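Structure first, then comments.
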Amino acid sequence: MSPPKSTVISTEAQRSGETPVFAPAHASGELDELATTAAATAGMQPSMLDRRNLRQTLKHRMAATKLHDPATYLTLYRDSPEEQSTFLEGILNGETSFFRDATVFTELSRWCLVWFEKNQRPMRILSAPCSTGEEPYSIAALLEQSGIPLDRFTLEALDLSSHALDRARAATYTGLSLRNLPQPEQCGFLDRVPHGWRVKKHLRNHVQFRQANLLDPNTLAPQSYDLICSRNLLIYQTAEARLQIAETLASALAPSGRLILGAADWGRDLDKLFRLEEPVNSFALRLRERRAKVRVQIPGPSVQPTKAPAPRTLSPKPWTLGPASEQLADIADLHRDAYEAYCRGEEREAERLCRQTLYLETDHLPSLELLAKIHRPHASPRMKLALHARLKRHRTAAAKGDPR
């Protein structure tokens, strides 16, 4: 009997001593187990993992460990916490960019300026997960450009990936990271370097990075934050992990603080912890009053009361972010699957698929309309208003031919 295809090594490869090329297509069983166990560490749904990325990570790790059989690698993976951590690093989605979703940053600047007018102490800000650093650096640049001195706020950034944190600390960026910036040289917070653009030193030094897993309920305790940005994380999580992370974020949020989520992260399961901010939108949340009453805010570091300089009004340029061309087929397939699940009466699955579609294309009208239909019998009046406002905005833009 001939050996399995995944273990066959060509005669040429044996003679040359080269590492054989692994064909991941023959390792579906191993990929399924790797996806399940790795996803569990991050609280993710295995179905949300990119299959191609899984294959490429398996291929890369087999080459790095000089193993030619997926089953043999799986044995190593089971027995080695270090290998499990390394494999997880390879499959985590770190896709991000500076000032991703201009609407969020416009609202963020408005809320922050009001907060600074009412408070003399420094604002405490958290970005989690922060990926490779574009979001926390965007927040720091946004506040500085609004006239807020660095000593008026602290900024902490967390991520599960040590590799992403290394890149964040290096703070050198190229390509897609800069896609929302009209001209990097005119942004004021970047310096030209031989291999791209680097965040200015004073901003690099102001952001404190550390590795952490938000599934650990003690990750943020006993700290208190006035602003938490946790965008495009909950969409990937299982129902149990979503609630656990939401509880962790709620316990760390100051009574008058704000939690910023991705537009596809919000769901009915968060209604018991948070309510939507006014004016109603689909990404800014505040604690429910009954939780705010029992929260004890931990004071920030003492500072000498000084009169803060009047902040300048920020007028962000209307950056837009369209879907990548290779995502279009995925979007159509996801929406079709969502509609079929809805027709079968599987509303929770349909909602999950709609939110995954909206993560890829935030203004996908068919998915927004289906999500509104799913929520119509269940959602609170405030949530219905948020969906209606978002639908109206995108329908108006579509009617005017606005690519947004």
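The values are calculated or read from the model by the stated rules, or taken from the named source; none is laboratory data. Being a predicted model, the structure only gives us computed values, none of them experimental. Cβ placement follows ideal geometry from the backbone for every residue including glycine, while neighbour counts extend to all protein chains displayed. The protein model used for the area step is the full one, side chains on, heavy atoms only, and it has no ligands, DNA or RNA in it. Shrake-Rupley method; radii C 1.70, N 1.55, O 1.52, S 1.80 Å.
List of remarks:
- Counting only Cβ charges, +1 for Lys and Arg and -1 for Asp and Glu, the dipole size of region 102-252 around its Cα centre is about 340 debye.
- Descending semi-axes in Å of region 25-72, equivalent ellipsoid built from Cα gyration tensor: 19, 11, 10
- Diffusion coefficient, µm² s⁻¹, Stokes-Einstein with Kirkwood Rh over alpha-carbon pairs of region 97-248 at 37 °C and 0.692 mPa s: 203
- One Cα centroid belongs to region 154-200, the other to region 219-278; the line between them spans 25 Å.
- Kirkwood Rh in Å, taken over all unlike Cα pairs in region 64-110: 13.9
- Residues whose placed amide H lies under 5 Å from that of Tyr225, excluding near-sequence neighbours: Leu253, Ala254
- Over region 43-146, the hull volume per residue, using the convex hull of the C-alpha atoms, is 150 Å³.
- Protein accessible area in region 85-172, 1.4 Å probe - carbon and sulfur %: 52
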